1. Report yes if A140 is farther than 22 Å from P87 by Cβ, of a type outside the set (V, I, T) and in contact with a helix residue (DSSP H, G or I) (Cβ under 7 Å, 6 or more places away or on another chain), otherwise no.
2. If a residue must be of a type in the set (G, A, S), in a strand (DSSP E or B) and loosely packed, with under 12 Cβ neighbours inside 10 Å, how many such residues does segment 87-140 contain?
3. Return the pair list, or none, for Cβ contacts closer than 7 Å from residues in segment 94-117 that are among the basic types (K, R) to residues that are exposed (fewer than 14 other Cβ atoms within 10 Å of the Cβ) and outside any loop (DSSP other than H, G, I, E, B), at least 6 apart or on different chains.
4. List the residue pairs whose Cβ atoms are under 8 Å apart, where the first residue sits in segment 133-152 and is at pLDDT 90 or above, the second is hydroxyl-bearing (S, T, Y), and the two are 6 or more positions apart or on different chains.
5. Scan segment 39-55 and report the pairs whose first residue is free of Cβ contacts under 8 Å to residues at least 60 places away in the same chain and whose second residue is of a type in the set (D, E, K, R) and open to solvent by less than 50 Å² (accessible area, probe 1.4 Å), with Cβ atoms within less than 6 Å and a gap of 6+ or a chain change.
Amino acid sequence: CKAANYTNAGTIEFLFEKGQFFFMEMNTRIQVEHPVTEMVTGLDLIEEQLRVAAGEPLRWRQKDIRHTGHAMEFRINAEDPDQEFAPRPGLVRIFVCPEEPGVRTDSFIYSGYRVSPYYDSMIAKLIVHAENRTACIEKAKMAPKDFILEGVPSTIPFHQAMLENIAFVNSDFDINFVDKLYS
């Protein structure tokens with residue numbers, strides 16, 4: 001970033017294997033997962049991105065950033081997990097987000113919104129934060145129960161099944177996890 005004189009938000013992606021990091025790519029934008037970072041750092045990345053774009057300096061340095069707890073993000077898509085996650089556009093009859101400490105919902109939809117077949121099927125992100133991974137999973141198990149989405153199928157049942165899966169709870173999963181969960 002320094003060599004390219006890059007001065008805005010970006011995400012550098014790596015693979016980690018056997019104690020080594022391997023660079024994959026840099027995305028010169030805020031990632032869809034940025035709320036996870038915001039929850040564990042308490043920083044508003046969008047505000048900072050706007051400030052930097054306006055020519056202002058960052059208000060903090062990397063060494064000043066403190067991480068607390070564990071956060072997970074669940075993408076709520078208008079898809080049917082039982083039909084190989086096929087998109088399911090339609091009319092959202094009821095939409096109510098959970099409201100409790102450590103739970104955040106980012107969305108643009110509302111009761112009466114029509115999910116289009118022409119765009120990405122993601123309609124919300126549910127982000128959960130707690131003091132550690134175990135507590136985060138327990139809190140996350142409750143949040144989808146308070147998430148009311150009627151009118152279109154969604155990935156909420158998938159997330160509920162995943163959170164109850166012992167392999168997921170024990171961090172014993174790989175790239176075939178979803179196939180195993182739905183086989």
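1. It is true that A140 is farther than 22 Å from P87 by Cβ, of a type outside the set (V, I, T) and in contact with a helix residue (DSSP H, G or I) (Cβ under 7 Å, 6 or more places away or on another chain).
2. Within segment 87-140, residues that are of a type in the set (G, A, S), in a strand (DSSP E or B) and loosely packed, with under 12 Cβ neighbours inside 10 Å number 0.
3. Correct list of pairs: R114/L91.
4. R133/S171
5. Correct list of pairs: L45/E38.
The values are calculated or read from the model by the stated rules, or taken from the named source; none is laboratory data. Everything numeric in this text was worked out from a predicted model, so none of it was measured. Heads up, the Cβs are rebuilt from the backbone with ideal geometry, glycines too, and the neighbour counts pull from every protein chain shown. Only protein heavy atoms, including side chains, enter the accessible area calculation; ligands, DNA and RNA are left aside. Shrake-Rupley method; radii C 1.70, N 1.55, O 1.52, S 1.80 Å.
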